[in-house]
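Here the structure comes first, spelled out in structure tokens, and everything after it is commentary.
The values are calculated or read from the model by the stated rules, or taken from the named source; none is laboratory data. Not measured: the values here are computed from a predicted model. Note that each Cβ is placed from the backbone with ideal geometry, even for glycine, and that neighbours are counted across all protein chains shown. Please note that ligands, DNA and RNA were not included when accessible areas were found on the heavy atoms of the full protein model with its side chains. Shrake-Rupley method; radii C 1.70, N 1.55, O 1.52, S 1.80 Å.
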Amino acid sequence: MAPIRQLDHVGLTVSDLDASVAFFEHIGLEVEGRTFVEGEFLDVVSGIPDSRVEVVLLRPPGGGTALELARYVRPDATTGSPAPMANELGVRNVCFEV
């Protein structure tokens, strides 16, 4: 098995893609691309048949690890716990040096 060379991106699912993009642009990330994804690849990767997602990829100036923001168009997003405890499985935090 080949060794990992770098971390390319971290993905977050959001409910308001435009507001999320605006926030991360405000702290200095730059939009690298924005697109819709659907089809067999997404169905397999997400485990959700007939899914469609809008994705925005943002990177820090000069490159580096990207942040992928995704908003599900189909099916509708579901909400996680409103007040998750630190031991709840899932993304706990994403840290940036600013």
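About its Cα centre, what dipole magnitude does the chain give when the only charges are +1 on Lys and Arg Cβ and -1 on Asp and Glu Cβ, stated in debye to the nearest 20?
With only Lys, Arg, Asp and Glu charged at Cβ, the dipole is about 200 debye.
Provide the per residue accessible area, probe 1.4 Å, for the chain, rounded to a whole number of square angstrom.
76
Could you identify which residue out of VAL45, VAL37, VAL56 has the top mean-square fluctuation in a GNM of the chain using Cα springs shorter than 10 Å?
Of the options given, VAL45 has the highest mean-square fluctuation.
Between ALA22 and THR35, 0.36 nm times their residue separation minus their Cα-Cα distance comes to what?
So the chain would gain 3.0 nm between ALA22 and THR35.
If you average the sequence gap of Cα pairs under 8 Å that are 6 or more apart and divide by the length of the chain, what percent do you get for the contact order?
30
Along the charge dipole of the chain, Cβ charges K/R +1 and D/E -1, which of TYR72, ALA19, CYS95 sits furthest on the positive end?
CYS95
Would you mind counting up the charge near GLY39? Only other residues with Cβ under 15 Å from its Cβ, with Lys and Arg at +1 and Asp and Glu at -1.
-3
Could you sort MET1, MET85 by their accessible area in this structure, using a 1.4 Å probe and putting the largest first?
MET1, MET85
Taking the Cβ of ARG52 as the centre, find all other residues whose Cβ is under 13 Å away and add up their charges (Lys, Arg: +1; Asp, Glu: -1).
That sum, taken over residues with Cβ under 13 Å, equals -4.
Considering only the other residues whose Cβ falls under 14 Å of the Cβ of GLY64, what net charge follows from Lys and Arg at +1 and Asp and Glu at -1?
-3
Counting only protein heavy atoms, what percent of the accessible surface of the chain is carbon or sulfur at a 1.4 Å probe?
The C+S portion of the solvent-accessible surface of the chain is 56 percent.
Where nothing but the Cβ of Lys and Arg (+1) and of Asp and Glu (-1) is charged, how large is the charge dipole of region 14-58 around its Cα centre, in debye to the nearest 20?
So the magnitude is around 60 debye.
Charges on Cβ only, +1 for Lys and Arg, -1 for Asp and Glu, centred on the Cα centroid of the chain; of MET85, PRO61, MET1, which one is farthest towards the dipole's positive end?
Farthest towards the positive end: MET1.
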